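Written out below as structure tokens is the structure these notes cover.
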Ligand code: GLU
């Protein structure tokens, strides 16, 4: 069987973590089985549509590296791929259901239905359509011709529908808990539970992989399929994603959309890796894997039943790991969009360090968790020092430091080679000659060269900054100290 799966978002906003995970599982499953991934836009509820969200969702999917072979942008043999462009198909299928007697017109007004529900509530019963119009006689029906109506599916009484779920096993739904649900609204539009069945069949979808919140829709979709004479696809409902306190994931737990994570400097590699682990784990138990690795081994039998816990700190930790593990060229590409915000223009920086951008990110990436932090950490290499951390000043720019910095500048200027090892040795020599602890030279130097007290190893960063810039910054700090801090903003 040629596997065909679909990700079917409604264009009602941006791509969220849950949707991204669903899309990812579909994508991995399709790749694992050499199948096709479809992107279908479910836009029949036009009142809820947010303009531009289809494009935003596609952009976020592409950011994650999720690729589809059929969809509204690329077309395909089973198009169109927007439900609003497939209304004729639904109408035809709805007519067929009605003619065959599987669906009937219901003329109950919203007020009548509300009265029924209120009475049910008062009796402590769940809301359920009582089948009023199911039992209309032909004469009663004829008398209502021309009145607004919805179409309801005739749910067979006294039966059960079993969902053979590939993740959860058999889940049985007694029809006593289902009522004759609406398949066509009074404006003629199909409901989600109807359109999805028609489309999955028409698009030859073999596996429906989606969030557990849709499990309760599945018996309805199976009943629609049965009435239409359609062989249903296989279903796999993937577990809910909950917050660490096991409540529903929401804004108050932090960012919930893919775009927010991208803007916060999370790498696509880290996000997809983390999302894949929300409900799935690879057979070798390895925690770090790329999309290609996951696509080689992904299967539904390793999808867990229990809820997945979403922990933003773990994602950030993982992102930090990826910053260290990815090839430097990839990290440079990823950090580029974050540089402008900190004032760095890699093509024309005011300061030109002795390393190329790849060397620069390798130098600072050990301590960064996000691309935002990485961009911030690159500043000292590409921008002049415009001030010193006040706590660092209090601690390391003590009285008498200025002359040391000036003498250091002089001594280092004459250094034959400017490598981390050579600098390390030079500091040892000078500390001995001047009879001061090495730390007395190291800490003020770091503050002079970076404006900060933390960062990469001093000798590595000096090597990266290069002799001219390092010496100039030592002199700038010496001057700053001599003048009592009035030249804080001076450029060397
Ligand atoms: N449009 C539905 C949603 O956004 C799709 C559900 C499904 O995959 O069947 O949740």
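Things to note:
- R0 of 51 Å, Cβ-Cβ distance residue 69-residue 468: FRET efficiency to nearest 0.05: 0.40
- CD proxy at 222 nm, helix term only [per DSSP H run n ≥ 4: -39500 (n - 2.57); per residue of the chain; nearest 500]: -13500 deg cm²/dmol
- Virtual spin-label span in nm between residue 482 and residue 391, 7 Å along Cα→Cβ: 3.1
- Judged by the mean number of other Cβ atoms found within 10 Å, the most tightly packed of the peptides 208-214, 441-447 leads the ranking 441-447, 208-214.
- Label point 7 Å beyond Cα of residue 147 along Cβ direction - residues of the range 187-211 with amide nitrogen under 18 Å: 187-188
- Scattering from the range 34-139 was approximated by placing one identical point on each alpha carbon and applying the Debye formula without solvent; log10 I(q)/I(0) at 0.14, 0.17, 0.19 1/Å stands at -0.83, -0.93, -1.01.
- With contacts taken as Cα pairs under 8 Å at a separation of at least 6 residues, the range 212-340 carries a relative contact order of 29 percent.
- The distance linking the range 359-435 with the range 39-84 is 51 Å (Cα centroid to Cα centroid, whole angstrom).
- Cα-Cα P(r), the range 283-369, percent of pairs per 10 Å interval: 13, 35, 27, 16, 7, 1
- Per residue, the convex hull volume that the Cα atoms of the range 339-492 enclose (Å³): 108
- Calculated FRET efficiency, residue 245 to residue 100, Cβ-Cβ distance, R0 = 56 Å: about 0.70 to the nearest 0.05.
- Remark: relative contact order (the chain) = 12 percent; criterion is Cα-Cα distance under 8 angstrom and separation of 6 or more residues.
- Helix 312-325 and the longest principal axis of the C-alpha atoms of the chain enclose an angle of approximately 50°.
- Based on alpha-carbon atoms, the Kirkwood radius and the radius of gyration of the range 268-414 give Rg/Rh equal to 1.14.
- Descending semi-axes in whole angstrom, ellipsoid equivalent of the chain, from the Cα gyration tensor: 66, 22, 19
- For the peptides 189-198, 414-423, the ranking by mean Cβ contacts within 10 Å, running from highest to lowest, is 189-198, 414-423.
- Label sites at residue 286 and residue 62, each approximated as a point 7 angstrom past Cα along Cα to Cβ, lie 3.0 nm apart.
- Full-stretch length increase - residue 436, residue 453 - with 0.36 nm per residue and alpha-carbon distance subtracted: 4.1 nm
- When you count the other C-beta atoms within 10 angstrom of each residue and take the mean per peptide, 227-235, 253-261 line up highest first as 253-261, 227-235.
- Value of relative contact order over the range 123-196, rounded to a whole percent, pairs C-alpha under 8 Å and six or more apart: 31
- Debye log10 I(q)/I(0) at q = 0.20, 0.26 Å⁻¹ for the range 1-54, Cα point scatterers: -0.71, -0.96
- Relative to the longest principal axis of the Cα atoms of the chain, helix 87-99 runs at roughly 30 degrees.
Laboratory data are not the source of any read-out in this text; all were calculated from the coordinates shown. In this text, all values refer to a predicted model and were calculated from it rather than measured experimentally. Cβ atoms come from the backbone with ideal geometry, glycine included; neighbour counts cover every protein chain shown.
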